[in-house]
Amino acid sequence: MKIKAAGVLSHSQPATPRASLTFPTVTALADGSLLATWRTGSTKDSADETIEFSRSTDGGETWSRAWKPFDSPIIEGLHGTLKICYRTELTPGHLLATAMWVDRTTYPDQPLFNEETEGCLPMSILLSDSHDSGESWSPWRLVPMPAEIGPASLTNPLLTLADGSLALSIETNKQYDDNAPWKQKVVFFHSDDQGRTWREPAVVGEDPTGRIFNWDLRCGVAPDGRVVSFAWTYDSVAATYLDIHRRISSDYGRTWSAAEAIGIADQAARPAILPDGRVVLAYVDRFGSRSIRARLASRIDGSFEPESEVVIYTHDKAATEDGNTGELLAEMSIWTFGLPYAEALPDGDVMVVYYAGTEEALDIRWARLAS
């Protein structure tokens, strides 16, 4: 692969509520435009965070001025913030947005992660519809979650599956003051009516002992209907990150193959799956080469060959892997590059967006890859 073009999608503004731009996404729409979103705030975890949008009509070469399509919603009488927003185009022009909302009322002025308990602030999942390619949106509606999920983390856009259903990927968390051992898992919820109702959760990744965590699950659907997931995998006893683990489902995400280490360390991006079945997987190598890279596989269960690799971004400051789980979670707030997100484009290229910069100013950047 090679980088055909690259640039900055949105510049941050230090010492303002737009100092920290993170959680970027990009969606190729049926009308030919690209719709990008990201989270903005004064820091990487702040009560002034919200979601911004930008659109490109020339394949990502230029982008519109950012706009904020959503007010900070009040959920069940509580004030909170939007941290993540994904979009899925169900039919041409009809987008379904999935967002993660953080309760900033119950534990005022507290950080997202509780370093002592490994719990996190209350979080909810919201849905909104647009019928004009993202220009206007319906009021948010709440996705009900079983108590066992705890604060719900959103890890991927809604998947449109080959059987016509939708799949919502959710990571479990502990309640903020819960001192019990954390037995984390990630699940799929399925909907047969475009997100109005949801079935019981199906487990995608779980270690019943609680030792291995499957974080930030990134997923895609292959042309043959199979579903693939990539987990950022962490050993909580050894306090170290493992290789990315892949799982594959042949029954629309109800059951999954055993986890397979793919020989790439650290955190996967949402994969870009091309019409011929090839997969471009961007990933963060935070503790080795301190870079964002991408590799190509011929199919979802194929090898990501090292010779296909392209370096998208290189950072000049080392990160530390020392510390317990709570300390590592707290350290996430100061990491200054990451969260790549890949989207297959109609011409066969792949757009990757990510954030990078300094603790004072994090920008959203893009790179267009030829596969």
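Okay, residues lined up against (1) under 25 Å from P92 (Cα atoms); (2) modelled with pLDDT of 95 or more; (3) assigned to a loop (DSSP other than H, G, I, E, B):
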{"site": "V8", "(1), (2), (3)": "no, yes, no"}
{"site": "S12", "(1), (2), (3)": "no, yes, yes"}
{"site": "T22", "(1), (2), (3)": "no, yes, no"}
{"site": "A30", "(1), (2), (3)": "yes, yes, yes"}
{"site": "W38", "(1), (2), (3)": "yes, yes, no"}
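Looking at D163, D178 in this structure, which one is of a type in the set (D, E) and closer than 17 Å to G225 by Cα?
Going through D163, D178 in turn, the sole match is D163.
Go through the residues of the range 175-194 one by one and say whether even a single one is basic (K, R) and modelled with pLDDT under 95.
Among the residues of the range 175-194, at least one is basic (K, R) and modelled with pLDDT under 95, which makes the answer yes.
For the range 179-199: of the residues being hydrophobic (A, V, I, L, M, F, W, C) and not in a loop (DSSP other than H, G, I, E, B), which is nearest to P144 (Cα to Cα)?
Filtering the range 179-199 down to residues hydrophobic (A, V, I, L, M, F, W, C) leaves 180, 182, 186-189, 198.
Among the residues that remain, those that are also not in a loop (DSSP other than H, G, I, E, B) are: 186-189.
Numbers: V186: 16, V187: 14, F188: 13, F189: 11 Å.
Result: F189.
Consider E49 carefully, then state whether it is buried (at least 22 other Cβ atoms within 10 Å of the Cβ) and acidic (D, E).
yes
State whether one or more residues within the range 314-337 are crowded, with 16+ Cβ neighbours inside 10 Å, touching a strand residue (DSSP E or B) at 6+ places or on another chain (Cβ under 9 Å), at pLDDT 95 or above and aliphatic (A, V, I, L, M).
no
In the range 154-173, is there at least one residue being of a type in the set (A, V, I, L, M) and either without any contact (Cβ under 8 Å) to a residue 40 or more places away in the chain or within 21 Å of S72 (Cβ to Cβ) (or both)? First the steps, then the outcome.
Taking the range 154-173 and keeping what is of a type in the set (A, V, I, L, M), we get 154, 158-159, 161-162, 166-168, 170.
If we keep only those that are either without any contact (Cβ under 8 Å) to a residue 40 or more places away in the chain or within 21 Å of S72 (Cβ to Cβ) (or both) too, we end up with 154.
Within the range 154-173 (the criterion being of a type in the set (A, V, I, L, M) and either without any contact (Cβ under 8 Å) to a residue 40 or more places away in the chain or within 21 Å of S72 (Cβ to Cβ) (or both)), the answer is yes, since at least one residue qualifies.
Go through the range 102-150 and give me each residue that's over 16 Å from N173 (Cα atoms), small (G, A, S) and assigned to a loop (DSSP other than H, G, I, E, B).
Residues satisfying the conditions are S133, G134, S136, S138.
Would you mind listing the strands (runs of 3 or more DSSP E) fully within the range 200-299 where at least 2 residues are in contact (Cβ under 8 Å) with a residue 40 or more places away in the chain, under 19 Å from the mean Cα position of the chain (by Cα) and surrounded by 17 or more Cβ atoms within 10 Å (Cβ to Cβ)?
Where strands (runs of 3 or more DSSP E) fall fully within the range 200-299 and carry at least 2 residues being in contact (Cβ under 8 Å) with a residue 40 or more places away in the chain, under 19 Å from the mean Cα position of the chain (by Cα) and surrounded by 17 or more Cβ atoms within 10 Å (Cβ to Cβ), they are 202-206, 212-221, 227-235, 243-249, 279-285, 291-297.
Does F70 satisfy being touching a helix residue (DSSP H, G or I) at 6+ places or on another chain (Cβ under 8 Å) and surrounded by 17 or more Cβ atoms within 10 Å (Cβ to Cβ)?
Criteria not met by F70.
The values are calculated or read from the model by the stated rules, or taken from the named source; none is laboratory data. All of these numbers come straight from a predicted model, not from anything done at the bench. Don't worry about glycine lacking a Cβ; one is built from the backbone with ideal geometry, like all the others, and counts go over all protein chains shown.
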